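Okay, so here's the structure we're looking at.
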Amino acid sequence: MGELRWDPTRQEWVIIAPHRMKRPVLPKNFCPFCPGAPEVKDDKWDVLVLDNKYASLSNVSAFKVEELDSLTKKAINYGQCKVVIYSPEHDVELHEFDINHIVKIIKTWQNCYQQLSKDPFIKYVFIFENRGKLIGVTLEHPHCQIYAFPYIPPLIEKEIAASRRFFESFKSCIFCKIVNWFKDQHPELIVYENQNFLIFVPYWAHLPLETHIYPKRHFQNILQMNNREIVDFAKALKVIRMKYDKIFGFKLPYMMVFHQSPVNSGDYPFYHFHIEFYPLHRAKDKIKYLAGVEIGAGTFINPSSPEEYAENLRNINVEV
């Protein structure tokens, strides 16, 4: 059993999960996510949701915080960890499917978000994908993960606080403002656009090939997408991932993360659903390692030009 331990110096939870040391790392001649494996009981599926066998969080009992003293506190590592397997096919990536199958994956994400949100102890549902050995992927079969936290993660709290302050000052959404700002003042940073979504390299990009996907309509979470938006979201995901694989001519490692409103903890009308991609390459043969300034001080140094990489990505032709 793992624990949540409170860091009083940063005012944030840390998950202690030593059992995850037992995870298999890129096993040869065996895949636990392929049809026929013990974890996959049903051979007739197109998108599959499983409990994470080496979960960082566990819903074995109710979430309860224990105050240890005036300095810190702890809790059972309450929550859930799910794995969404994109298909039975071992070597097919999300963006290599047709739009209809990507729509099925999105609707699976929606269903997981809805189901996990029913637990009143859950405060945030985090959908993410780690892609590639460089990121630390331990199983190659294409999949993503979903963590249901009993608290709001610190990065999301920071975004919520910023968007709340902006709304209180200007009576509008900072993310909606950003969409219009890029379209009106910085179109050179736009990578792709369709009727409902915009992909851009942030003016303030922390990483060389970082991109964000913003919906043009203001909504807070994945459940609030309409059918047309789901299709356009599928197209946006397909486009940026295809472009990433073409920019250097190999499967680019990256993290894909979903930022959306917390659950069971009030309303967030000022927040705005969006996706962020964090590739770690700064050139074909160079990695952007996070070092002392980034990890120790929290200040990122981007050694590239966002405008240059936005142009490079924009000029890569892909067909959806």
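The values are calculated or read from the model by the stated rules, or taken from the named source; none is laboratory data. On a predicted model such as this, the values are computed, not experimentally measured, just so you know. Note: ideal-geometry Cβ built from the backbone for every residue, glycine included; neighbour counts use all protein chains shown.
Overview of values
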read-out	value
Where a residue in the range 141-166 is within 23 Å of D51 (Cβ to Cβ) and its partner, wherever it lies, is part of a helix (DSSP H, G or I), with Cβ under 6 Å and at least six apart	I146/C112; A148/L116
Enumeration of residues in the range 255-265 that are at pLDDT 95 or above, farther than 14 Å from Q224 by Cα and over 10 Å from the mean Cα position of the chain (by Cα)	N264
Which listed residue is surrounded by fewer than 22 Cβ atoms within 10 Å (Cβ to Cβ) and either farther than 22 Å from R131 by Cβ or modelled with pLDDT of 95 or more (or both), from E319, E311	E311
Given (1) in contact with a Leu (Cβ under 6 Å, 6 or more places away or on another chain); (2) farther than 14 Å from H143 by Cα; (3) not β-branched (V, I, T), number of the condition Y86 does not satisfy	(2)
Subset tally (residues that are part of a loop (DSSP other than H, G, I, E, B), in contact with a strand residue (DSSP E or B) (Cβ under 7 Å, 6 or more places away or on another chain) and hydrophobic (A, V, I, L, M, F, W, C)) for the range 276-320	1
Hits in the range 221-234 - residues which are under 18 Å from the mean Cα position of the chain (by Cα) and either surrounded by fewer than 17 Cβ atoms within 10 Å (Cβ to Cβ) or aromatic (F, W, Y) (or both)	L223, Q224, F233
Identity of the residue in the range 179-220, of a type in the set (V, I, T) and within 16 Å of the chain's Cα centre (by Cα), that ends up nearest to Q110 (Cα to Cα)	I213
Selection from the range 179-197 of residues that are over 15 Å from E311 (Cα atoms), buried (at least 20 other Cβ atoms within 10 Å of the Cβ) and out of contact with any Pro (no Cβ under 8 Å at 6 or more places or on another chain)	V179
Selection from the range 18-45 of residues that are free of Cβ contacts under 8 Å to residues at least 60 places away in the same chain, charged (D, E, K, R), surrounded by 10 or more Cβ atoms within 10 Å (Cβ to Cβ) and more than 17 Å from E89 (Cβ to Cβ)	R20, K41
The range 46-72, residues that are touching a residue at least 12 places away in the same chain (Cβ under 8 Å) and among the small types (G, A, S)	A55, S56, S58, S61, A62
Residues within the range 52-106 that are assigned to a helix (DSSP H, G or I) and of a type in the set (A, V, I, L, M, F, W, C), tallied	6
Scope the range 39-54; condition closer than 27 Å to H101 by Cα and out of contact with any Pro (no Cβ under 7 Å at 6 or more places or on another chain); matching residues	V40, K41, D42, K44, D46, V47, L48, V49, L50, D51, N52, K53
Yes/no for E276 being under 19 Å from S163 (Cβ atoms) and surrounded by 18 or more Cβ atoms within 10 Å (Cβ to Cβ)	yes
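Listed here are the residues, each with its yes/no results for (1) touching a Lys or Arg at 6+ places or on another chain (Cβ under 8 Å); (2) among the β-branched types (V, I, T); (3) without any contact (Cβ under 8 Å) to a residue 24 or more places away in the chain; (4) within 30 Å of L223 (Cβ to Cβ).
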site	(1), (2), (3), (4)
F258	no, no, no, yes
P262	yes, no, no, yes
F273	no, no, no, yes
K288	yes, no, no, no
F300	no, no, no, no
E311	no, no, no, no
